[in-house]
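Working notes, beginning with the structure itself.
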Amino acid sequence: MKNLESTLTALESNTNFFDITVFEEEMMDIPYQISLIDENIKSLTKKQYEKFIGILAVILKKAEIAKYNTDMQKNILIDIRNSANGEYKKVA
């Protein structure tokens, strides 16, 4: 099994420094990180689960107001919003 704590920490870090124009590559990892946690959601502790829900809420807010400069960045933001929104609806 993957180390969910490290994935959750990486997701939180990417969320804290959410800037598609500066951290494009890191932002590309967000949908994968959400998916990986989703696949193993039953393995999360209650504290990790609550943290995950909180992170998803922040991601959705930040992705909604984020500015982009390229079509690639726009597509990354769309993927992030779709991934976070789909997961948030399942868990919240």
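The values are calculated or read from the model by the stated rules, or taken from the named source; none is laboratory data. Note that this is a predicted model, so its numbers are computed, not measured. No Cβ is skipped: glycine too gets one built from the backbone with ideal geometry, and neighbour counts run over all protein chains shown. With ligands, DNA and RNA removed, areas are computed over all heavy atoms of the protein, side chains included. Shrake-Rupley method; radii C 1.70, N 1.55, O 1.52, S 1.80 Å.
Annotation note: Cβ proximity below 8 Å between a residue of the stretch 65-92 that is farther than 22 Å from Gln48 by Cα and a residue that is open to solvent by 30 Å² or more (accessible area, probe 1.4 Å) and of a type in the set (Asp, Glu) (sequence gap 6+ or interchain) occurs for Ala66/Asp19; Met72/Glu24; Gln73/Glu24; Ile76/Glu24.
Where helices (runs of 4 or more DSSP H) fall entirely within the chain, those with at least 3 residues that are open to solvent by less than 60 Å² (accessible area, probe 1.4 Å) are at 4-16, 30-39, 46-65, 71-91.
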